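Student: If you scroll down you'll find the structure; I have some questions about it.
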Amino acid sequence: MLVEALMPVTAALVPVDTASPSPSRSSCRGRLLPLLLAAAGVLLPAALAGCNRSAPARPSGERAVVAQQQQLNDEVRRELELIPLPSKNRYMAIRSLSSWENPYITVQGEMLTLHVTLADANTSALGQGGMLRPVGARRQNLDIRAGEIPAALNAVPQSAWPYGRVLAVEEAHDAPMSARPQIRRNLEGVMRSLSDLGVVVYEWNEGGAGPR
């Protein structure tokens with residue numbers, strides 16, 4: 001930008017005279033340099049000012065939405081802090097999501113599915129998890145968007161966190177290969193959101209699971 005701006009200046013300062021002998025390169029450079037520096041002193045600040053323009057301020061409506069979302073996140077985080085920290089020995093012993101009793105999320109290309117297993121109203125251990133009292137019968141599935149994670153977790157009762165404040169996440173298994181990169185990006189975004197809420201993330205996949 002600066003070179004293009006200076007080109008008319010140099011053209012005006014050095015007219016071409018075919019009748020007179022060409023001056024030496026060093027003498028032209030010596031006469032022209034002070035003038036170029038003076039022109040640069042005017043044009044350079046203007047060019048830099050154009051490059052350093054600050055980004056436009058967010059509209060008041062958008063700022064209000066961001067502030068409201070942050071307030072919700074803070075409230076949900078405080079509520080989740082009432083749930084004890086997870087017992088690693090307990091939840092890492094689970095080998096199948098069908099036996100997982102804490103909330104977990106299945107990440108898809110466009111949506112998320114939050115799975116919540118409600119506490120067993122029958123406090124007796126007799127037949128628990130068997131054919132008459134299967135864990136899946138107490139499970140509810142809710143399709144949500146990534147931005148709805150805080151509100152959705154806020155609605156989960158504390159009794160549905162038997163392992164403590166840990167949530168498993170998995171990628172959808174029936175998605176085509178072309179959707180895998182997007183699903184992976186969504187999964188990473190979900191894990192960041194959960195971490196911001198103070199929830200321990202347990203990534204579940206076919207090759208094994210691990211805390212994040």
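The values are calculated or read from the model by the stated rules, or taken from the named source; none is laboratory data. Keep in mind that what you see is a predicted model, and the values were worked out from it rather than measured. With ideal geometry, Cβ positions are generated from the backbone for all residues, glycine too; neighbour counts draw on all protein chains shown.
Student: Hey, could you check the stretch 152-208 for residues that are among the β-branched types (Val, Ile, Thr) and touching an Asp or Glu at 6+ places or on another chain (Cβ under 9 Å) and say which is farthest from Gln71 (Cα to Cα)?
Tutor: Ile183
Student: If you don't mind, another one. With the checklist (1) touching a strand residue (DSSP E or B) at 6+ places or on another chain (Cβ under 8 Å); (2) of a type outside the set (Val, Ile, Thr); (3) at pLDDT 85 or above in hand, flag the one item Asp120 doesn't pass.
Tutor: (3)
Student: Pick from the stretch 144-176 the residues that are acidic (Asp, Glu) and farther than 14 Å from Tyr104 by Cβ: which of them is modelled with the highest pLDDT?
Tutor: Selected residue: Glu148.
Student: Shifting gears a bit: Would you be able to say whether some residue in the stretch 60-69 is surrounded by 13 or more Cβ atoms within 10 Å (Cβ to Cβ) and either in contact with a Pro (Cβ under 6 Å, 6 or more places away or on another chain) or among the basic types (Lys, Arg) (or both)?
Tutor: No, the stretch 60-69 has no match at all.
Student: Do you know which of the residues in the stretch 171-186 that are outside any helix (DSSP H, G or I) and among the hydrophobic types (A, V, I, L, M, F, W, C) is nearest to Gly147 (Cα to Cα)?
Tutor: Of everything passing the filter in the stretch 171-186, Ala172 is nearest to Gly147 (Cα to Cα).
Student: Kindly list, by first and then second residue, each pair from a residue in the stretch 151-163 that is touching a residue at least 60 places away in the same chain (Cβ under 8 Å) and surrounded by 14 or more Cβ atoms within 10 Å (Cβ to Cβ) to a residue that is assigned to a loop (DSSP other than H, G, I, E, B) and among the hydroxyl-bearing types (Ser, Thr, Tyr), limited to pairs with Cβ atoms under 9 Å and residues at least 6 apart or on different chains.
Tutor: Once the first residue is touching a residue at least 60 places away in the same chain (Cβ under 8 Å) and surrounded by 14 or more Cβ atoms within 10 Å (Cβ to Cβ) and sits in the stretch 151-163, its partners that are assigned to a loop (DSSP other than H, G, I, E, B) and among the hydroxyl-bearing types (Ser, Thr, Tyr) give Tyr163/Ser87.
Student: Could you please give the count of residues in the stretch 78-98 that are closer than 28 Å to Gln182 by Cα, over 27 Å from the mean Cα position of the chain (by Cα) and in a helix (DSSP H, G or I)?
Tutor: 1
Student: Going residue by residue through the stretch 188-196, is there one that turns out to be part of a strand (DSSP E or B) and within 23 Å of Asp74 (Cα to Cα)?
Tutor: no
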